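The values are calculated or read from the model by the stated rules, or taken from the named source; none is laboratory data. The structure displayed is predicted, hence computed values, not measured ones. Cβ placement follows ideal geometry from the backbone for every residue including glycine, while neighbour counts extend to all protein chains displayed.
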Amino acid sequence: MDINEIIKPENKVYGKSTVLKDAVMHYCPGCSHGTVHKILAEVIEEMGIQDKTIGISPVGCSVFAYNYLNIDWQQAAHGRAPALATATKRLMPDKYVFTYQGDGDLASIGTAEIMHACNRGENIVVIFINNAIYGMTGGQMAPTTLLGQVTATTPYGRDAKLNGYPLKITELIAQLEGTCYVTRQSVQNPGAVRRAKRAIQKAFENSMLDKGTSFIEVVSTCNSGWKASPVAANKWMEENMFPFYPLGDLKDR
Amino acid sequence: MKEEIIIAGFGGQGVLFMGRILAYGGIMQDQEVTWMPSYGPEMRGGTCNVSVILSDNKISSPILSRFDTAIILNQQSLDKFEKQVKPGGVLIYDPNGITRHPERKDIKVCRIAAVDEAAKLGNAKAYNMIVLGAYLKVKPVVTFENVIKGLRKSLPERHHHLMEMNEKAISVGMEAVEIL
Amino acid sequence: MAEKILMKGNEAIAYAAINCGCDGYFGYPITPQSEVMETLMLEKPWETTGMVVLQAESEVSSINMVYGGACCGKKVMTSSSSPGISLMCEGLSYLAGCELPCLVVNVMRGGPGLGTIQPSQSDYFQATKGGGHGDYRTIVLAPATVQDMYDYVDLSFELAFKYRNPVMILGDGVVGQMMEKVELRPAKPRRTDKELRELCDSWATLGKSASRPGNIITSLALDADIMERHNIHLQNKYATIEANEARYETYMTKDADHLIVAFGCMSRICENVVELARQDGIKLGVLRPITLYPYPEKALDALVPQMKSIMSVELNSGQMVEDVRRIASGRAPVHFYGRQGGAVPSPEEIYEAFVKTIKK
């Protein structure tokens, strides 16, 4: 069969979202960021809101999210994305505003900002990537690092006496009156990706309904930080992360 | 004309508000004014003072160490500000609670028993307006009419029914002040 | 003639913001400037001009809300006092790095640490020489009157947008807490969405328009060459600001052979010192820098040759005097008089100190 016979529109089964740029991603092979970026781009494209969406990128690996999605971006100081999002949404209520934050950014240095933005019920979307480690700075302990987990700053494993306990920030966020939708998702297989995408779409829809903050945690892998192959990292996540950070909706109203 | 005044007493006596009305009165007669309060925790009960300057010309320093007039409503303020009255200046004080009375002979000392007068009026809140009346009698730098206009400006609309009471209190102060 | 209203300096900031078409205020309470947000909350401008007013959870958050609003090309501002400004310095550095317009008001109090709530000018270094990290500058205006507090809000936004740079109004507890009469200016409406697109679409996050790729506002450049190019670009902008925006006032300097340099409330107090000196036959004048960055270098430089002595008078341990000495560069003796920790000297006290320096 001639190649031109095959590449006809009616035969197309998959296309890259037009919201994604052509830039080659800097993320490590197997990293969850790429998948989350992809479904985020698809939701923005499918909802037809590329011209109405403003993203706030964090400090951490996904600081460069702005290189991959062709929308308007603000790059926040470490942990402060919810403050930028608060002002942006209040000053431009007709825009879809989301923050994209890692666990160090959101659950450590930015705890005050995320708590208060959610408590005020800002009509924004928060995408929280939890891979239990600081990726960009070289694999140090994060607030969500599991007990016993080895990182660059817990070389003998996280010890509660020395380092405290892993922080279930999503459970805390769910307690706040200002949040309308709090869910924990993952992207390690096609079914999980589809569920995570539906959650992101719902969150974006919520942000125009004056219902409050929508918060999506994505339990993720960090192959480089965890020093594991993509397949092994997924397995480790399922066996160790999911029991402590169980998937599913914590709140939906 | 330039009049530099310090009003000093306890927080809650209406010291700052009295200064504000004087300042507004100055504006009503097209003068330059500054109103500079002491501020901070002392607002909640400790000593409190405000310096007010009324002038026909531009006012430079709002911070002063010598005053044309001192209006003194407690002992601490008397101890602090008596010596800061310019020679030939005026000191007006309420004797209530005062154990050491003014001693200077080179200034004009006046007494207004405002606590007593307020009690007679049956309205403790009229206290600062009685003191203001005493000042206006001794130093008519601002006309009665302009003070009333300033008062109207200073009071929120919802308190305008208190205008009459305040006018009365000012008149009482004007009559009750004694020049020693 | 426009109506004149008696108000506090802090209240003037709030009324001016509403009046000049400010889009958003984000703040956190701290003495001696809390009246700014209190006045805004009382006036409810969101019901009239549509201005957003929000009490944030911290100064860190306030400045980052300003950062977000500034990314959207909006006229946004915050106000605080010294300890709060320290917390905002990270955000200020980002705003400067991203070349964003905004207004930050510092009603200074004494420090270091929690310090005192009484007036001070001890944040001169912080305001004019940086504060946050990295090679950046903020334009700094020093108000001396309540009218200045009112007028500098609009001026600050003009400068902030002209240069896409943060502007700071560096007041102190005296101008913040003092009441004077203020002449209100004609109101400016807030910018419409259309005006905003015309003015800021090339850089702001207004939502990607069809004609351009998504705008990215960031201060990050991992490549040293790219970062250095950005640094040089910033420095060139600062040089333009220095050439064009220095502002100052003089008082009785024409025939003066002694000079006091003082800013903010101290410049007014020193005008009284001039009167005391002239009564004694001493020809004293005052130079008041209105912009502390850019510093009015040329104005001071031109006055130096005629002076037998120069004295910098400040509410700190001697900060601006370093700039005065630099500009005088040995051509006249430069003295300093200051009070610290919230103490404010009277004209008599300053005059006494001045007389001592010239008798030496």
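Structure above, values below:
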read-out: Total residues in the stretch B:1-42, condition assigned to a helix (DSSP H, G or I), facing chain C (nearest Cβ under 10 Å) and free of Cβ contacts under 8 Å to residues at least 60 places away in the same chain; value: 3
read-out: Filter result for residue A:94 (at the interface with another protein chain (Cβ under 9 Å from one of its Cβ atoms), touching a Ser or Thr at 6+ places or on another chain (Cβ under 7 Å), surrounded by fewer than 21 Cβ atoms within 10 Å (Cβ to Cβ) and closer than 16 Å to residue C:208 by Cβ); value: no
read-out: Test for residue C:275: is it farther than 24 Å from residue C:136 by Cα and part of a strand (DSSP E or B); value: no
read-out: Filtered residue count, the stretch C:253-278, keeping only those that are of a type outside the set (Gly, Ala, Ser) and either within 14 Å of chain B (Cβ to nearest Cβ) or closer than 18 Å to residue C:148 by Cα (or both); value: 14
read-out: Residue list for the stretch C:308-346, restricted to those being in a helix (DSSP H, G or I) and either basic (Lys, Arg) or modelled with pLDDT under 95 (or both); value: C:325, C:326
read-out: Residue pairs meeting the criteria (Cβ under 6 Å; at least 6 apart or on separate chains; first over 18 Å from residue C:108 (Cα atoms) and not assigned by TED's automatic domain parsing to the domain that holds residue C:85, in the stretch C:25-49; second part of a helix (DSSP H, G or I) and among the β-branched types (Val, Ile, Thr)); value: none
read-out: Residue in the stretch C:271-284 that is among the β-branched types (Val, Ile, Thr), in contact (Cβ under 8 Å) with a residue 60 or more places away in the chain and either under 30 Å from residue C:113 (Cβ atoms) or crowded, with 24+ Cβ neighbours inside 10 Å (or both) present; value: yes
read-out: 1 or more residues within 14 Å of chain A (Cβ to nearest Cβ) and of a type in the set (Gly, Ala, Ser): qualifying helices (runs of 4 or more DSSP H) within the stretch C:64-168; value: C:82-97
read-out: Qualifying positions in the stretch A:86-145 - polar (S, T, N, Q) and in contact with a Cys (Cβ under 7 Å, 6 or more places away or on another chain); value: A:88, A:131
read-out: Qualifying residue in the stretch B:134-143 (condition: touching a residue at least 24 places away in the same chain (Cβ under 8 Å), among the polar types (S, T, N, Q), buried (at least 20 other Cβ atoms within 10 Å of the Cβ) and within 28 Å of residue B:1 (Cα to Cα)); value: no
read-out: Number of positions in the stretch C:212-238 that are in contact with a Leu (Cβ under 8 Å, 6 or more places away or on another chain) and more than 14 Å from chain A (Cβ to nearest Cβ); value: 0
read-out: Meets criteria (exposed (fewer than 15 other Cβ atoms within 10 Å of the Cβ), outside the structural domain of residue C:96 (by TED's automatic domain parsing) and out of contact with any Asp or Glu (no Cβ under 6 Å at 6 or more places or on another chain)) for residue C:201; value: no
read-out: Subset of the stretch B:37-56 that is of a type outside the set (Gly, Ala, Ser) and at pLDDT 95 or above - its residue that is surrounded by the fewest Cβ atoms within 10 Å (Cβ to Cβ); value: B:56
read-out: Identity of the residue in the stretch B:62-97, surrounded by 22 or more Cβ atoms within 10 Å (Cβ to Cβ), not in a helix (DSSP H, G or I) and not aliphatic (A, V, I, L, M), that ends up nearest to the other protein chains (Cβ to nearest Cβ); value: B:62
read-out: Filtered residues of the stretch C:323-360 (kept if more than 13 Å from chain B (Cβ to nearest Cβ), among the basic types (Lys, Arg) and closer than 21 Å to residue B:65 by Cβ); value: C:356
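Conditions (1) outside any loop (DSSP other than H, G, I, E, B); (2) closer than 21 Å to residue B:9 by Cα; (3) of a type outside the set (A, V, I, L, M), marked per residue:
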site: B:99; (1), (2), (3): no, yes, yes
site: B:115; (1), (2), (3): yes, yes, no
site: B:134; (1), (2), (3): yes, yes, no
site: B:146; (1), (2), (3): yes, no, yes
